[in-house]
Each structure stands twice: as structure tokens, then as C-alpha cells.
Amino acid sequence: MDATFLDRHPKIRDSLGLIVFVVGVVISTLLINTFIFRNFTVQGASMEPTMHTGDRLIVNRLPVTAAQIKNKRYVPERGQTIVFKNPNFNSSSNKDEYIVKRVIAFAGERVTVKDGVVTVYNSAHIHGFNPDTTVNKNEPGQPTSGDVDTTVPEGTIFVMGDHRQENYSCDSRNCMGPIPLYDIVGPVSMRIWPINKIRGF
């Protein structure tokens, strides 16, 4: 039996094998980043003391992917830290393209910040409740700066950083506004760096 072309040219065969391997790795990486998980590095002080500059985060894309398969918008849970596309992103500026913040309120809910306290009003809590002392487990720094009284628009969520004093966090209270659901990358599932501060969220 005659040898095939690739058998007669082993260098070409090896080169093609390497190309197929590299293409496979690239495609696998793209699929993982798109549908399963992504990693991000924290920049800035807006999420202190929960997260610090240099922290490496793993963001879970699976809930977003599952919602998209069902032709729905992914809605995170209150109190979750999420990563989303920065609505103020400008490639010519120094602003980060992706931002990490904490989910405070959902569409139709009223959010107030008064005398340093956050209060959320909805049909289940007509007199309001403080998410920081309940679902947020007192992680955000206190008090919360600002004077806010707003209702979250349809198709959006209200987010805040955990560094609430002064202007350390640009968020839904001040310079960012409500975040569209379609801009959410996913919830933060884990901090993997630094090693001595590995934790789940």
C-alpha cells in the first residue's frame, strides 16, 4: 500500500497537528469565557473592605447562559456581588470596561439613602428594610454617603460598591445610574488571589 501524503511528509503532519491543537485550545477558551466562567482583576477601592485592588475573581457565567437558553434576562440575587459592563466605558479614557458592585434593589423597588442608611421598599416590605444589615451580612462599609430617593426602572438593577463613604464608589447612587440586565456578565463566585484570602461569594 502506498504511503499517504502526510506519512511521506511527517513535518507537515506534525505542523497540521499543532495547528489543530492551537485552534482547539482557542475555541475551547472562547467557549469557556462566553458560557461557563471568566476571571477579572479588581482595580480601585470601591469594593473595600470586601475586595481590594489586585484581587482575582472568578465570575460564574452559567446562570446567564441558562437564562439566555430560556430566552430570558438573567436577574441576580439581592446581595450578590456581580460584574457588569461599565455604562460609562470609553475606550479613549482610563475607565474600566467591567465593574464589580453589589446588588441592592430590583425593578419597581424604591431605594432611599438618608442619614447614612440604605432602605429598600417593595410590596413585601412596605415600611422598608435595610439590605446591609440583612442579606449583605454587614459587609459594606458604613455609613452610606449620599441623599437618594429613586425607583428602579424596568429591566435594570440598582447597585452599590461596599466602600460607601464619600466618593470612593461610582455606582447607582451617584454617577452610574441603574444597570441594564443585559450588561451583567455574571455573579462573582470566588476570589482565587491572593492565596491567603481565597473565599466564595
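At a glance:
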item: Filter result (at pLDDT 95 or above and under 15 Å from Thr119 (Cα atoms)) within the stretch 163-172; result: Ser172
item: Val148 surrounded by 13 or more Cβ atoms within 10 Å (Cβ to Cβ), of a type in the set (Val, Ile, Thr) and under 17 Å from Pro49 (Cα atoms); result: no
item: Where Ser123 falls short, out of the listed (1) over 18 Å from Glu48 (Cβ atoms); (2) surrounded by 15 or more Cβ atoms within 10 Å (Cβ to Cβ); result: (2)
item: One residue from Thr119, Thr144, Thr156, Thr133 being in the same structural domain as His52 (by TED's automatic domain parsing), under 14 Å from Asn174 (Cα atoms) and polar (S, T, N, Q); result: Thr144
item: Number of the exception - Ser189 against (1) loosely packed, with under 14 Cβ neighbours inside 10 Å; (2) in a strand (DSSP E or B); result: (1)
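The values are calculated or read from the model by the stated rules, or taken from the named source; none is laboratory data. Not measured: the values here are computed from a predicted model. With ideal geometry, Cβ positions are generated from the backbone for all residues, glycine too; neighbour counts draw on all protein chains shown.
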